Every structure is written in structure tokens, then in C-alpha cells.
Amino acid sequence: MQKEASFVKIIKEHEGVIFKITTMYTDYRDDQKDLYQDIVYQLWKSFDSFRSESKISTWMYRVALNTALTRLKKSKRMGNSVPIDQVILKQTENYDPEFEERLKIVYKHVKELNVIEKGLMLLLLEGKKYEEIAEITGLSPSNVGTKISRIKQKLKKQIIKE
Amino acid sequence: MEIEEMKALWSEMSDQLEQQKKLTNEIIMSMTQERYTNKFKTITRYESFGALLCLAIFLFILYHINKLDTWYLMTCGVVTLLFISILPILTLRMLGHIRRFNILNKNYTEVFIEFQKAKKNLLRVQKLSVYASFIIMFCAAAVFAKIFGDKDFFMIDRGPKEYVVFAFTIVFVYFFSRWGLRSYTKITQSAEDVVKELED
């Protein structure tokens, strides 16, 4: 029960991270829900092997991104699906449609990148340092730097095109 | 839009997401168990379909069991009924057993060991059933000859034509049994793959 309680606590603390990853890697609500469940399941599975040598967030990003990539290879959506048309789900009093629109532009640009670049960009937007990105992705910090500068160039081109 | 602007928007979004947390303890844990159970959904569906087919044949024979009017035809009927009822039940029980594991209390090594045990038993039964299928072939032929044509399979006068048909049937049963065993091995293998996936 102790294990379950600490797992639930961690998931609750980081549910926003899982939400952002699932939104990044899916286009439809059903897929997003499935991926969300898959990530939570994979986190539970690897919870025993998680050692506090690395930060909880590093472990979470690593498992969540791996799950997203694996699922992406397998998934083929059939039939009618509801697209993700809103990033901020709850209409709170602070809800700003204009902000939502700008956010959609961010997602649109990032979604145009390939799967690996998407993951790197997400980590960059999350404010991670190159060293931490390297730890999460298994790339070397210099490789991360090179890839990120390429991504930045790619994004610039995309933005200029519009 | 510059990267820095993107970062600022992202950070604002993260703040808003922080405020709209909606997962409860129950949702998180049921998500985990549900994901495990779902992994066996497809294979259970196929197996259930096969079991239904066997059930239909079982009921059909049972309905006409009175037509089997000699002790040896009745024995054939009972053997056939046993054959088509035990195998699907065994398979579905094995899958049901694995699906019902509470993975929140068990670890994956335990799940894997249990599965291997169940798989070994099932395949043993399947192999036995390949040999048994030759006996079943006679039993089923006798049962269906009586039910459909009111003929006693063991008393029919046989000419060369009947023997040729008989030889073909043996060859057919041989390949059919082999195909059946391979299918079972494949099915249990894919269930095993699912269990192995849990270990990754």
C-alpha cells in the first residue's frame, strides 16, 4: 500500500507532464486517452526499478516519451475520431481563447517535427538543460545540442514560410 | 513566433495545467489494472468465438443424442462431446486466470511463472489431442453418419470407393490436427508475448 500511495502521489504531481506529452504525440482524443493510460501503466511497471539516483521527473519523461514512441509505431486509427481541438480543457475564469489559439500554433509547429525532434523540443520547452535532456533521451549532451540547433533552424523556416 | 515566445507560452500553459488537475487515486490505479486486462482482449475474443462454435456443435450432438441407439455409437458421441467441451474450457480458463491477476498485488515474475505453468499444461493437452483426433475422427464420423444419414458407420458395406474416401479422410485429419496444434501454439505464444511484454 505504501508503494501504491507513493505512486499515486507522484502521478498526481506530474499529471500535467503526461498530459503535455500525450497532446504532443496524438491528434485525437481517444488516442490521447489511450496513450495517457499506457504511460501510467508503464510508469507503474517500472516503478519498482526506479531508483532515486535520477530525478523523478527524469524517469517520468524517459518512460513517457518511450511509451509514446512505441505506441506511435503500433497505432493506426480507424473510423471516426474526435480531433484534439483544445489544449486547455477546463474553461476557468482565466481561460483566454486568444492564448489557446497561440498555444495551438506552438503545437502545430512542434507536431510538424519528426518523432525524436518532437521529444527533444518538448523537453526544451519544459525548460530542461541539455544535460538533463541527454539523461532522459540517452543521447550525449553535445548530440542534444546539435540536434536542438537543427530543430531551431527547422522551426524558423516553418515559421517564416507562414 | 520565436523560440523564446514559444517557451513563454509553454510555461504559461504548464501553470494553467497545474491548476486543473483531475486525476483521483482510484482513476490512476484502475488505469493501471485496466491496461493490463486489455492486453488479453483480442486473444480472448478469438478463443471465445472458437468456444462458441464448439458449444454449437456440442448442443447439436446433445440434441440428437437419442439417435445414437447402440452402446458403441453412444460411446462415440460421449467421446466427441468431451473432446469439444474440455479444450475450449481449458483455454478460456487459462486466459481468464491470467487476466484476473491483480497486478497491483503481484509482480511480473509471479505472473510470468503462473502463465508458463498454464501454457505448459495446455500445450500438453493439445499434443495429446492431436493423437486423440484420430480416434475422434472415427467417433465424429460415426456420430454424424448416424445423425445425418441414419447409418451405422461400423456396419456399412465398404467397397474400394469407401476405402479411398477413408484414406483421404485420414490424410485430411492428419493435416488438420497439425494445423490445429500449430494454431494453438501460435495463440499461446502470442499470449506469452503479451506476458513477456509486461516484463520489459
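Some notes on this structure:
- Filtered residues of region A:21-31 (kept if open to solvent by 10 Å² or more (accessible area, probe 1.4 Å) and assigned to a helix (DSSP H, G or I)): A:25, A:29, A:30, A:31
- On inspection, residue B:45 fails the criterion of being touching a Phe, Trp or Tyr at 6+ places or on another chain (Cβ under 6 Å), more than 14 Å from chain A (Cβ to nearest Cβ) and open to solvent by 30 Å² or more (accessible area, probe 1.4 Å).
- Of the residues A:81, A:52, the single one that is more than 12 Å from every other protein chain (Cβ to nearest Cβ), modelled with pLDDT under 85 and open to solvent by less than 90 Å² (accessible area, probe 1.4 Å) is A:81.
- Pick from region B:24-82, criterion in a helix (DSSP H, G or I) and of a type in the set (D, E, K, R), ranking: modelled with the highest pLDDT: B:67
- Selection status of residue A:20, at the interface with chain B (Cβ under 9 Å from one of its Cβ atoms) and without any contact (Cβ under 8 Å) to a residue 12 or more places away in the chain: no
- Residue match in region B:87-97 (condition: within 30 Å of residue B:154 (Cα to Cα), more than 9 Å from every other protein chain (Cβ to nearest Cβ) and either assigned to a helix (DSSP H, G or I) or open to solvent by 30 Å² or more (accessible area, probe 1.4 Å) (or both)): yes
Let's see how each residue does on (1) at pLDDT below 75; (2) among the hydrophobic types (A, V, I, L, M, F, W, C):
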| residue | (1), (2) |
| --- | --- |
| B:96 | no, no |
| B:108 | yes, no |
| B:116 | no, no |
| B:122 | yes, yes |
| B:139 | no, yes |
| B:195 | yes, yes |
| B:199 | yes, no |
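- When residue A:127 is tested against (1) modelled with pLDDT of 85 or more; (2) in a helix (DSSP H, G or I), only condition (2) is not met.
The values are calculated or read from the model by the stated rules, or taken from the named source; none is laboratory data. Note that the structure is a prediction, hence the values are computed from the model and not measured. Because the Cβ atoms are built from the backbone with ideal geometry, glycine has one as well, and the counts that use them run over all protein chains shown. What goes into the accessible areas is simple: the full protein's heavy atoms, side chains included, and nothing from ligands, DNA or RNA. Shrake-Rupley method; radii C 1.70, N 1.55, O 1.52, S 1.80 Å.
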